[in-house]
Structures are given as structure tokens and as C-alpha cells.
Amino acid sequence: MYPCSYYREKSIKVTFEEIYSKLYSEFGPQGWWPAESSFEVIVGAILTQSVNWTNVEKAIANLKEYNKGLTGKAEVNLELLEGLEEEKLAWLIRPSGYYNMKARKLKAFSHFLRGEYEGSLRKMFGERLEVLRAKLLAVYGIGPETADSILLYAGGYPIFVIDAYTKRLYSRCGLIEEDMDYHQLQQLVMKNFPPQVECYNEYHALIVALGKYYCRKTAPRCEKCPLSS
DNA sequence: GCCCAGGTGGGTA
DNA sequence: TACCCACATGGG
């Protein structure tokens, strides 16, 4: 039995805040997002879709290496993505999986940023939260999780990111219904855990940290889960 | 060999 | 709306 299922079956109430506190005291600050620039956060957010982060690291390393040979600067930026043929881009990001789809997605975002904000992230992040979120969702390849990761980790907006780990954790704890959709779940969390950028930043990262080791789909290692004590 | 990983878009009933 | 499927590499 999962420790968090134990809460549910014994009708022990835990709150979103208590889970956050436990995770924070167990794992400490995570310092997300792991990237050297806002633009790199966005690229990482797209590349990490349904893929292990270690794969993404290889892909981003390829992009940096390529740009270093081209311009002397080992960084991921808009000019690099714009200058690359989609096929070449796909080849460089191959380790991240779904590379043809993701190359198309990166190109789509590049066109969006250039067309809508003259290539300026500063201008893009000058938008109001709701406005930018809606615009991002309209970009090919950017769904709710990717949009919210971009908003929170690159833009510093107070928005809570929901992912597979988040659903699994809250569901096992009995805090949510299995069939809640992304928006419902996000609203529920934000209603019960008031928006603060720093906490939302850490919370999502902490849930991923927990999920990677103790709250996996299979083989959860629940006997060592920090939430069990 | 099998399952899974920080999803999204498109098609069908 | 509610499912199904394609997309694809790398690690345990």
C-alpha cells in the first residue's frame, strides 16, 4: 500500500500545504529551472515533454555545442533556432525523443516569438498572465503544462504547474478525484495554496523530486517515502 | 525484452 | 466529449 493511500483509507486529512512543508524539509530548495537563460527554460520545457530529463540534457548540450562552433557562444537562443533547418534541428535534438515533432514545435515557438514580440522575451513577459497563457496555448506544441512551466519558470508568473507526478501524488493522497482535468486540478491547488511564485516554483520541483524516486507509476518505493512519516 | 519518463495534437465515433 | 494513437530516445 502507498503511504499516501494510507492517508486516504484511514481518512487522515493532509493539506496541499502540509505536503509542501514535508517535501521542502525533506529535499530542500531545488533551484529550478535547470537552465542558463529564460530562452533555454522554454526550449527545455518543450523538449522534456513525456521524456526523461537526462535525455533533454543531451539534446540541449548538442544545441550548445553546435552554436559554439557557429558563433563561439555555447548557448541556446532564438537566432540559433531560426538559423537551423528543421531537419538539422531535429538531428541535434535527437536524444530528447520525438525529435521531428519537437523540432517542429521549437520552430513554431520561434515564429511566434519573432512575429508577436519581435523576438524579445522581455516584451513577451510584459504581457498579463491570462493573456500570455492563452497566446502560448495557441502555439503548436504548447499545451497546458508546457505553457505553465514557461510562465512560472521563465516568466516568473504565479501559476501552479500540473504534471503526471502531481496528479499521481494528490490522487494517492486522496486530495483529488482521479478524473479531474488539468484546469480543475490547477484551480483547486491554487485556491488552497495561495499563489506565491517562490513556493510554486519549489513545489512543482519538489513533486518531481519525490516522484522520480518514491512516487513512480510502478515500483513506488513507498516504504522510504518522506510522506509516510 | 519490457516499462517508463517533468505531453501534445490529430483522428474517430 | 471521450477515447485511441503517433510521436522515439535512453535508462533501469
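Just so it is clear, none of the values below were taken in a lab; they were calculated from the coordinates. Everything numeric in this text was worked out from a predicted model, so none of it was measured. When we count neighbours, we look across all protein chains shown, and the Cβ atoms used for this are built from the backbone with ideal geometry, even at glycine.
Key figures for this structure:
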| item | result |
| --- | --- |
| Evaluated at q = 0.10, 0.23 Å⁻¹: base-10 log I(q)/I(0), Debye formula over Cα of the stretch A:1-97 | -0.44, -1.16 |
| Pair residue A:91, residue A:198: separation of 7 Å Cα→Cβ label points (nm) | 4.7 |
| FRET efficiency for residue A:70 and residue A:12, using Cβ-Cβ distance with R0 set to 35 Å, rounded to 0.05 | 0.05 |
| C-alpha long axis of helix A:182-192 to longest principal axis of chain A, angle in ° | 60 |
| Debye intensity ratio I(q)/I(0), log10, the stretch A:93-229, q values 0.11 Å⁻¹ (C-alpha model) | -0.49 |
| Cα-based shape type of the stretch A:42-89, given that a ≥ b ≥ c are square roots of the gyration tensor eigenvalues and the cut on a/c is 1.5 | prolate |
| Gyration tensor (alpha-carbon) shape descriptor, chain A, a/c threshold 1.5 | prolate |
| Residue with peak Gaussian network fluctuation, chain A [Cα springs, cutoff 10 Å], from A:138, A:205, A:35 | A:138 |
| Alpha-carbon centroids, the stretch A:175-205 and the stretch A:1-48: separation in whole Å | 11 |
| Structure-based [θ]222 nm, chain A - -39500 (n - 2.57) summed over DSSP H runs of at least 4, per residue, nearest 500 | -18000 deg cm²/dmol |
| Mean projected area (nm²) of the alpha-carbon convex hull when the stretch A:67-138 is viewed from all directions | 5.4 |
| Sites residue A:137 and residue A:217, calculated FRET efficiency, Cβ-Cβ separation with R0 30 Å, nearest 0.05 | 0.65 |
| Per-residue Cβ neighbour rank within 10 angstrom, fewest leading, A:71, A:48 | A:71, A:48 |
